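Chemist: Dropping the structure in here first, questions after.
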Amino acid sequence: MGAQDLSILSLLSFLLFLVPVLFIGRYLRLGLNKAIVTGATRMCIQLGFVGLYLEFLFRFNSPLLNIAYLLLMVVIACYTVLRSSNLKVTTFFIPLFLALTIPFTLILFFFDLVVIELSSLFDARYLIPIGGMLLGNCLRSLIIGLDQFYSGIKKQEKEYLFTLALYGSRFEALKPWARKSIASAVTPTIASMATIGLVSLPGMMTGQILGGSLPIVAIKYQVAIMAAIFYTEFFSVVLSLAFSLPWGFNGMNVLHSKIFAGK
Amino acid sequence: MDGNPVFSDFSMEINSGTKMLIKGRSGSGKTSLFKLLLGFAQPDTGNIRINGLALDKTHIREIRNSFFYLSQDVDLPHETGRTLIARLERLNREHPLVIDSLGHFLTLLDLPPSLLEKKIPVLSGGERQRLGLLMGFLLDRPIWLLDEPTSALDDAMKEIVVDYITAMDKTILVVSHDRVWEAHPDITKFNWR
């Protein structure tokens with residue numbers, strides 16, 4: 001089983017289409033040519049490296065190494081989320097790390113243990129790609145969630161403070177912003193669950209079919225992974241808001257002014 | 001507070017039941033005084049006590065619950081007045097709202113009951129200001145901090161509101177440029193710088 005291998009030469013043949021793209025880009029002065037070339041080059045180099053260390057991880061298939069690799073991915077994910085949501089990495093790293101690690105570990109192991117019923121829980125062939133898919137999707141929702149929450153309160157600080165004085169309860173005063181940011185964070189996944197199969201064939205399913213799996217098996221995996229992605233996103237966004245509150249607000253429940261990075 | 005000092009060497013004691021108009025130029029830090037009292041900003045040095053309680057994180061909830069604060073822009077949440085009242089009822093079980101007098105306050109403020117069914121952002125400035133005051137009457141908290149509470153009201157309504165508020169058995173601090181506050185005999189004036 002497994003998809004037919006591609007030769008490097010046949011992969012390179014795809015560059016052929018880059019010629020008209022670059023030509024049109026130049027003719028229309030899209031200003032994108034440099035970005036296209038850099039993007040394509042980075043993709044090849046980065047994925048080349050991924051190929052190398054995945055080979056390495058799969059060959060050794062050591063539980064300890066696999067877990068260390070997943071932890072490293074979580075650390076990078078947290079860093080990326082905070083950088084992209086314009087929040088200070090040093091301030092929010094710990095709460096975000098916990099908010100991501102707890103649901104991520106729980107859902108990932110549940111997926112492996114209960115759903116796929118793997119005999120060896122730490123098998124790299126399942127743990128690494130599924131872990132990667134969960135993290136990759138959480139990245140986007142955590143960025144949206146944290147950014148909307150903190151920048152939203154910053155922008156509407158007067159409304160927040162007024163309702164804080166009116167209600168006397170931080171929890172109640174924060175609700176409108178928490179509601180809005182959780183909804184924006186998970187809506188894209190809900191929308192993609194609702195349209196999956198109609199508009200697009202998901203990547204994981206396509207990959208499995210190419211790899212020789214029966215469509216029905218690929219579909220079962222796809223349903224399971226979508227559910228896992230949604231749960232991990234949902235819980236990590238909710239926890240990231242809850243856990244970050246003591247770092248984001250002072251003892252008087254007022255937003256700290258120095259939590260935003262840059263500017 | 002952050003940046004330039006808004007005020008320094010400031011000391012003031014306000015007795016319970018005082019009705020005080022704080023006068024001063026725009027931008028001279030009058031609103032900052034309210035922010036300090038509400039714990040929205042912290043003084044660099046010095047301390048604030050309210051009803052004998054130090055204004056700190058241990059007492060902040062209790063202190064905030066003794067204030068009714070009406071901000072200049074009446075930043076009420078984006079929902080209907082009715083929903084807001086229901087929420088305030090739920091959050092204030094220990095000091096229940098004087099909901100029995102809702103009809104009385106609506107008449108006093110010349111607000112039709114149907115206005116409570118409208119989303120607050122669609123209301124006019126004057127309606128929002130009166131709705132804000134309505135929340136104050138319903139909450140019935142002992143200390144009122146009012147930041148330009150009558151700016152969007154017509155003259156007749158200004159008189160009604162000022163007369164009613166100054167007659168209440170509460171501590172009232174008002175920042176306002178409306179003459180009607182200054183002209184009222186029961187109001188103490190405090191010149192802010």
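The values are calculated or read from the model by the stated rules, or taken from the named source; none is laboratory data. All values derive from a computational prediction rather than experimental measurement. Note that we place each Cβ from the backbone using ideal geometry, even for glycine, and neighbour counts take in every protein chain shown. Surface accessibility is based on the protein's heavy atoms, side chains included, excluding ligands, DNA and RNA. Shrake-Rupley method; radii C 1.70, N 1.55, O 1.52, S 1.80 Å.
Chemist: Quick one: in segment A:110-150, of everything that is small (Gly, Ala, Ser) and touching a Leu at 6+ places or on another chain (Cβ under 9 Å), which residue is nearest to B:Ser71 (Cα to Cα)?
Modeler: That would be A:Gly145.
Chemist: Restricting to segment B:54-74, name every residue that is facing chain A (nearest Cβ under 7 Å) and closer than 18 Å to A:Phe249 by Cα.
Modeler: Filtering segment B:54-74 down to residues facing chain A (nearest Cβ under 7 Å) leaves B:57, B:60-61, B:64-65, B:67, B:69, B:71, B:73.
Correct list: B:Lys57, B:Ile60, B:Arg61, B:Arg64.
Chemist: Separate question: Right, A:Leu54: at pLDDT 95 or above, in a helix (DSSP H, G or I) and open to solvent by less than 90 Å² (accessible area, probe 1.4 Å) or not?
Modeler: No; evaluated as a whole, the condition is false for this residue.
Chemist: Tally up the residues in segment A:66-118 that are in contact with an Asp or Glu (Cβ under 7 Å, 6 or more places away or on another chain), open to solvent by 10 Å² or more (accessible area, probe 1.4 Å) and not aliphatic (A, V, I, L, M), please.
Modeler: 1
Chemist: Right, next: Could you please find all residues in segment B:165-193 being open to solvent by 70 Å² or more (accessible area, probe 1.4 Å) and in a helix (DSSP H, G or I)?
Modeler: Within segment B:165-193, B:Arg179, B:Ala183 meet the criteria.
Chemist: Away from chain A (no Cβ under 11 Å), free of Cβ contacts under 8 Å to residues at least 40 places away in the same chain and outside any loop (DSSP other than H, G, I, E, B): is that true of B:Leu153 in this structure?
Modeler: Here the answer is no, as B:Leu153 does not meet what is asked.
Chemist: Run down A:Phe249, A:Phe235, A:Phe260 and say which single residue is open to solvent by 60 Å² or more (accessible area, probe 1.4 Å), closer than 30 Å to A:Pro95 by Cβ, among the aromatic types (Phe, Trp, Tyr) and modelled with pLDDT of 90 or more.
Modeler: A:Phe235
Chemist: Can you tell which of B:Leu116, B:Leu91, B:Leu138 is touching a Ser or Thr at 6+ places or on another chain (Cβ under 9 Å) and either open to solvent by 50 Å² or more (accessible area, probe 1.4 Å) or at the interface with chain A (Cβ under 8 Å from one of its Cβ atoms) (or both)?
Modeler: B:Leu91
Chemist: All but one of (1) closer than 21 Å to B:Thr31 by Cβ; (2) more than 11 Å from every other protein chain (Cβ to nearest Cβ); (3) open to solvent by 20 Å² or more (accessible area, probe 1.4 Å) hold for B:Pro96; which doesn't?
Modeler: All conditions are met except number (1).
Chemist: Does segment B:55-82 hold any residues that are among the β-branched types (Val, Ile, Thr) and in contact with a strand residue (DSSP E or B) (Cβ under 9 Å, 6 or more places away or on another chain), and which are they?
Modeler: So in segment B:55-82, the residues among the β-branched types (Val, Ile, Thr) come out as B:58, B:60, B:63, B:74, B:80.
Within segment B:55-82, B:Ile63, B:Thr80 qualify.
Chemist: Pairs, please: C-beta under 6 Å, at least 6 apart or cross-chain, first residue in a helix (DSSP H, G or I) and in segment B:17-42, second hydrophobic (A, V, I, L, M, F, W, C) and at pLDDT 90 or above?
Modeler: Correct list of pairs: B:Lys30/B:Ile22; B:Lys30/B:Val175; B:Phe34/B:Leu145; B:Lys35/B:Ala41.
Chemist: Also, I was wondering about something else. Filter segment A:144-187 down to the residues that are open to solvent by 20 Å² or more (accessible area, probe 1.4 Å) and among the hydroxyl-bearing types (Ser, Thr, Tyr), then identify the one that is nearest to the other protein chains (Cβ to nearest Cβ).
Modeler: Within segment A:144-187, the match that is nearest to the other protein chains (Cβ to nearest Cβ) is A:Ser184.
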